[in-house]
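Input: a single structure, listed below in structure tokens.
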């Protein structure tokens, strides 16, 4: 029973990742002084990017049963292209600006996510090492 309930921990982690990515996008665009920057738009872009990337990767994965290698290579590039397109459409960014914003936002998300992960796991590991549990 405990293992089964542990499988549902992915949903809060996905929600945390969604919020973290949206906050990072909002502040990255604030740094670049983009005109139509609101947190609601950042949430919308992140949600659409997650959903469309999931659908595109799933469709390319199914296509991989018919065509051997090409869909798997495209499924690596497709989420990034979708995200870049959504940035350009919703914020009116150029291709180079969109690339820079998406790379900086991704880096910020990874760094903050890693810091949160270490902030959670490090005390748990130290507690287990000290108290033998």
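The values are calculated or read from the model by the stated rules, or taken from the named source; none is laboratory data. Note that the structure is a prediction, hence the values are computed from the model and not measured. All Cβ positions, glycine included, derive from the backbone under ideal geometry; neighbour counts span all protein chains shown.
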Given the structure, is residue 84 surrounded by 13 or more Cβ atoms within 10 Å (Cβ to Cβ), more than 25 Å from residue 12 (Cβ to Cβ) and either at pLDDT below 90 or within 20 Å of the chain's Cα centre (by Cα) (or both)? yes
Filter segment 62-101 for residues that are within 20 Å of residue 37 (Cβ to Cβ), out of contact with any helix residue (DSSP H, G or I) (no Cβ under 8 Å at 6 or more places or on another chain) and part of a helix (DSSP H, G or I) and give the result. 85, 89, 96, 97, 100
May I ask you to say which residue of 108, 104, 10 is surrounded by fewer than 12 Cβ atoms within 10 Å (Cβ to Cβ) and closer than 27 Å to residue 120 by Cβ? 10
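Considering 35, 24, 47, 59, which residue is crowded, with 17+ Cβ neighbours inside 10 Å and either in a helix (DSSP H, G or I) or at pLDDT below 90 (or both)?
On the way: 35 fails: crowded, with 17+ Cβ neighbours inside 10 Å; 47 fails: crowded, with 17+ Cβ neighbours inside 10 Å; 59 fails: crowded, with 17+ Cβ neighbours inside 10 Å.
That would be 24, the only listed residue that is crowded, with 17+ Cβ neighbours inside 10 Å and either in a helix (DSSP H, G or I) or at pLDDT below 90 (or both).
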